[in-house]
Amino acid sequence: MSDSDPAYVSVLQWAHGSGVDDQVEAIVASCALDPYDAELKVRKGVPQVLLRAEASVAEAMLDEFVKRGVMAFAPRRAQMRGAGDAPRIKRLMAMHDGTGYVCEMWRGEGTSFRFSDVLCMIRAKLRSSERTTRVESNHRSVARGYMIGGTIGAAGAYAANAISGGPTTDSRIKTTDILDLYLRDGRRLRLDADKFNFDVLGEERGYADHVNMGLLSDRLRRGAPRAMFDEGFRHFVCPMEFAGDRVRASGDATVRTRSEAGPFDFYSVWAYLMYAHLLGGSAEQASPP
């Protein structure tokens, strides 16, 4: 591990029986944060990413947490990037013996997995939004006033601006259901409701993607009851460097977009590494609890 490969220092569980003051003290002593900032971290609950630190510093922080009975880990950036992009599954077909699925992929060759291969499943409903705010120029407002009244003075110009309605806002919101599968050999597969064929559900298949993803998740959980199933993304505070908020100008409009795709990609890999850590230190070595 080199200092050029920073780590995300994360607390998974506080020492048994510790209170807020004890937890604040643990963060202050381990991470050298100000007590006020440490208390804000504690109030966010666990598990959470406390901060990003150089590798050697992160190791020292973990050592101090261990002394205080705090369960923590610090996945490195290179580890997280090593998970790569998640190839999307187009269709699932049950194996003849009922022990898993054959996967038709959107790109590349197909693959397969058995239920016993599944280490963890990370599910989330991702939201994306676009908000466009437009402000009419004075020129357009005055021109509208001429069209309405024929002549315009100072009061007329004010009225014209009022008639123009001032800023106008248009908003669009989209939701997408995602389920990431992590296998014990390190493979990562993604079920994206926008791109997945739910025919595998047969007569159970409904009309709504959210319902279908729920049915498929339940089926996978029954098949792999010893795999971890995680829906914690909604309560996770993602590091700011992965925030999906953007603002851009377009003519007389300001466009604000927000996407949870980037934060979820971080959370998904982070959660996988967390479960691998808890189950044995690495995905390859992890065994069912």
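The values are calculated or read from the model by the stated rules, or taken from the named source; none is laboratory data. Keep in mind the model is a prediction, meaning the values are calculated, not measured. Ideal geometry is used to build each Cβ from the backbone, glycine not excepted, and the neighbour counts take in all protein chains shown. For accessibility, only protein heavy atoms count, side chains too; no ligands or nucleic acids. Shrake-Rupley method; radii C 1.70, N 1.55, O 1.52, S 1.80 Å.
Considering the conditions (1) closer than 30 Å to R219 by Cβ; (2) assigned to a loop (DSSP other than H, G, I, E, B); (3) over 26 Å from the mean Cα position of the chain (by Cα); (4) not charged (D, E, K, R), G69 is excluded by exactly one of them, (1). Looking at this structure, is A78 in contact (Cβ under 8 Å) with a residue 12 or more places away in the chain and either open to solvent by 50 Å² or more (accessible area, probe 1.4 Å) or among the hydroxyl-bearing types (S, T, Y) (or both)? Taking the combined requirement at face value, the residue satisfies it. Residues of the range 17-28 include none that is among the charged types (D, E, K, R), within 25 Å of G186 (Cα to Cα) and free of Cβ contacts under 8 Å to residues at least 24 places away in the same chain.
Just to verify a result, which residue in the range 218-245, among those that are closer than 17 Å to L179 by Cα and free of Cβ contacts under 8 Å to residues at least 24 places away in the same chain, is least open to solvent (accessible area, probe 1.4 Å)? Going through the qualifying residues, I end up with R219.
Let's see how each residue does on (1) buried (at least 16 other Cβ atoms within 10 Å of the Cβ); (2) of a type in the set (D, E):
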site: S4; (1), (2): no, no
site: L12; (1), (2): no, no
site: I27; (1), (2): yes, no
site: P35; (1), (2): no, no
site: A53; (1), (2): yes, no
site: E64; (1), (2): yes, yes
site: M71; (1), (2): yes, no
site: I89; (1), (2): yes, no
